[in-house]
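**Q** Let me give you the structure first, and then I'll get to my questions.
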Amino acid sequence: MGVDHSDSSTWVLVTGAASGIGRGLTTSLLEKGEKVVALDNNEDKLANVYTGHETSLVCHCLDVCDTDGIAQLIEKIRGEVGMIKGLVNCAGIYPVTSFLDIAVEEWDQVLNTNLRGAFVLSQAVARLMVAGKVKGSIVNVTSTAATFCRPGVAHYGSSKAGLTQLTRDMALELAPYGIRVNAVAPGVIGTETVVNVAKLQGADEHSAKLASIPTGRIGEVHEITALIEFLLSSQASYCTGSVLLADGGLTLGIPRYQTGN
């Protein structure tokens with residue numbers, strides 16, 4: 001017999017919870033005593049990540065591209081845990097393909113995962129919040145790629161630019177219901193995906209990235225999760241429509257150019 005989670009407590013939903021920022025956030029929230037619904041499309045990986053949190057954690061396999069699956073799962077989660085006070089859209093993919101070589105199928109996969117999935121899930125959760133009169137918080141994980149161009153990520157950058165604008169539009173329309181919507185825009189963060197991409201692209205590409213960051217290093221996952229937790233919390237009660245940049249100064253300009261005296 002499973003644990004009955006349907007009490008008066010409130011829960012936070014995190015997508016992409018089996019790896020990267022989503023995993024770091026879920027772990028941090030659980031350590032702080034929060035109740036979390038962890039969602040990811042990798043069921044095996046999700047099942048092996050978290051142990052010892054049976055009363056404060058619910059895990060579900062979810063492909064954010066599956067619109068019908070989202071609707072069904074959100075209804076199931078509502079019956080399982082009761083009120084949802086927060087949603088963090090961390091799920092995303094980051095293929096690197098030159099613009100001339102991007103197939104329409106790859107374009108659609110990136111936009112569907114990074115943008116449409118966040119829209120569909122946010123809409124479903126927001127409807128529950130409105131119906132339950134929950135003054136909740138939604139946080140989207142966007143990227144500096146939304147405004148800062150580099151080769152190979154035309155589809156990724158477009159999806160994150162769309163997510164940034166969606167954040168603002170949602171914030172405007174949901175404010176009357178007491179629902180806050182914000183975003184965090186990370187730069188180069190040391191997740192598994194970034195490390196793997198760096199290995200494929202080689203040391204020269206990685207060195208070029210570091211040379212573009214004024215602080216001289218890539219960011220750490222906990223530096224992003226701390227911002228997300230702030231936006232979820234009552235400490236950010238007057239923040240909505242915000243996009244918090246965390247990139248070590250990457251988007252400021254040219255860091256290594258020295259002017260003459």
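Just so it is clear, none of the values below were taken in a lab; they were calculated from the coordinates. Worth saying up front: this structure is predicted, and the values here are computed from it rather than measured. Glycine gets a Cβ as well: all are built from the backbone with ideal geometry, and neighbour counts include every protein chain shown.
**Q** Cα to Cα, under 24 Å, and not fewer than 8 places away if on the same chain: which lysines meet these conditions relative to Lys133?
**A** Lys35, Lys76, Lys85
**Q** Same structure, new question: Testing the spin-label approximation: label points 7 Å from Cα along Cα→Cβ at Cys149 and Ile254. State their distance in nm.
**A** Here the modelled spin labels are 1.7 nm apart.
**Q** Follow-up question, since we're still on this one. Taking the chain as a Gaussian network, Cα atoms linked when under 10 Å apart, which of Asn89, Asn114, Asn48 shows the biggest mean-square fluctuation?
**A** Highest fluctuation among the options: Asn48.
**Q** Where does each of Phe119, Phe99, Phe230 land when they are ranked from fewest to most other beta-carbon atoms within 10 angstrom? List each step's numbers first, then the result.
**A** Details: Phe119 18, Phe99 10, Phe230 15.
Least to most surrounded, the residues fall as Phe99, Phe230, Phe119.
**Q** Please give the FRET efficiency for Ser233 paired with Leu100, using the beta carbon to beta carbon distance and R0 = 51 Å, rounded to the nearest 0.05.
**A** On the way: r = 45 Å, r/R0 = 0.87.
Computed FRET efficiency for Ser233 and Leu100: 0.70.
**Q** Report, in degrees rounded to the nearest 10, the 0 to 90 angle that the Cα long axis of helix 67-81 makes with the longest principal axis of the chain.
**A** Roughly 50 degrees between the two axes.
**Q** Rounded to the nearest 500 deg cm²/dmol, what is the calculated helix-only ellipticity per residue at 222 nm for the chain, with -39500 (n - 2.57) per DSSP H run of length n ≥ 4? Could you put the intermediate results ahead of the total?
**A** Working: 9 runs with 109 residues, N = 261.
Result for the chain: -13000 deg cm²/dmol, rounded to the nearest 500.
**Q** Also: In degrees between 0 and 90, to the nearest 10, how far off the longest principal axis of the chain does helix 154-174 point, with axes built from Cα atoms?
**A** Here the helix axis deviates by roughly 40 degrees.
**Q** Still on this structure: Can you put Asp169, Asp68 in order, fewest other beta carbons within 10 Å first? Don't skip to the end; give the middle numbers.
**A** On the way: Asp169 12, Asp68 8.
Final ranking by Cβ density, sparse to dense: Asp68, Asp169.
**Q** Under 16 Å between alpha carbons, and skipping anything fewer than 8 positions from Lys209 in its own chain: which aspartates and glutamates qualify?
**A** Output for Lys209: Glu220, Asp247.
**Q** Would you mind calculating the gained length between Thr55 and Leu172 on full extension (0.36 nm times residue separation, minus the Cα-Cα distance), in nm to one decimal? Please list the in-between numbers first.
**A** Details: separation 117, 0.36 × 117 = 42.12 nm, distance 3.51 nm.
Stretched out fully, the Thr55 to Leu172 stretch lengthens by 38.6 nm.
**Q** Give me the one-decimal nm value for the distance between modelled label points at Leu210 and Asn42, 7 Å along each residue's Cα-to-Cβ direction.
**A** Taking the simple label geometry, Leu210 and Asn42 are separated by 2.5 nm.
**Q** Here is a follow-up. Aspartates and glutamates near Lys135 by alpha-carbon distance under 15 Å, same-chain residues fewer than 8 away left out - which ones?
**A** Glu173
**Q** Compute the distance in nm between two label points, each set 7 Å from the Cα along the Cα-to-Cβ direction, one at Ala71 and one at Glu31.
**A** Label-label distance for Ala71 and Glu31, simple model: 4.0 nm.
**Q** A follow-up question, please. Please pull out the direction-averaged projected area of region 20-110, using the convex hull of its alpha-carbon atoms, in nm² to one decimal place. Provide the component values of the computation, followed by the final result.
**A** On the way: hull surface 28.2 nm².
Averaging across all directions leaves 7.1 nm² for the Cα convex hull.
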